[in-house]
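I have placed the structure first, in the form of structure tokens, so that the comments after it can refer back to it.
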Amino acid sequence: MKNAEGIKFNGINITDLRYADDAVLVVEKRKKMQKMIDGLNQTCKAYLMKINVRKTKVMIMNKTENPKRMQRCVMLDKVPLEQVTHFKYLDSWITEDAKRDRDIRAGVGMAKAAFWQSKMLMKRKIRFNTKMKILNCYAFLILNYGYESWTWNKARK
């Protein structure tokens, strides 16, 4: 989005993330978000397109403003947009506290499912080292796939 104020990340102004027909608008203040929504809505109308109010959500990640106080503040065509605490974007959970716990739990769940699918193989009379290699091959591979950005702390380990 041209001339829009977003957030600075490594010196680069980021205003939006787009993939196919999904878009995430990124700003630091509610007023700037309203301005971006209004601009996007105007542009869509110019091309005879319409933003679906029921599918459009708002999430506030600003720690300086009270999210409860800001609820129902961002509008689209005089209709308040639903405020959410988390959403899934490109298979990753984005949460208002900016933590990755939900993503980690999902990854652990998929790894457990992969392990239990190989449960019959694990019951056979196979050496322990071979069983560990199988576990590494299936469960840990799934657990680590796509989660290079996880930060591990004592509570998560």
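Once the 1.4 Å probe is applied to the protein heavy atoms, the range 1-42 comes out at 78 Å² accessible per residue.
Which entries in the list K45/K78; K31/K55; K8/K57; K8/K50 go over 26 Å, if you measure between the two C-alpha atoms of each? Checking Cα-Cα distances, K8/K50 exceed 26 Å.
Surface listing: R18, R100, R124 arranged by accessible area from highest to lowest gives R18, R124, R100, probe 1.4 Å. Rolling a 1.4 Å probe across all protein chains gives V26 an accessible area of roughly 30 Å². Around the amide H of D16, modelled in the peptide plane, lie the amide H atoms of V26, all under 5 Å away and 5 or more residues distant in sequence or on another chain. Computed 3J(HN,Hα) for the range 34-48, one whole-Hz value per residue from the Karplus formula 6.51 cos²θ - 1.76 cosθ + 1.60 where θ = phi - 60°, is 4, 5, 5, 4, 4, x, 5, 4, 4, 4, 4, 5, 4, 9, 6, glycine and proline marked x.
The values are calculated or read from the model by the stated rules, or taken from the named source; none is laboratory data. The model shown is predicted, which means the values in this text are computed figures rather than measured ones. Areas reflect the complete protein model, heavy atoms only, side chains present, ligands, DNA and RNA absent. Shrake-Rupley method; radii C 1.70, N 1.55, O 1.52, S 1.80 Å.
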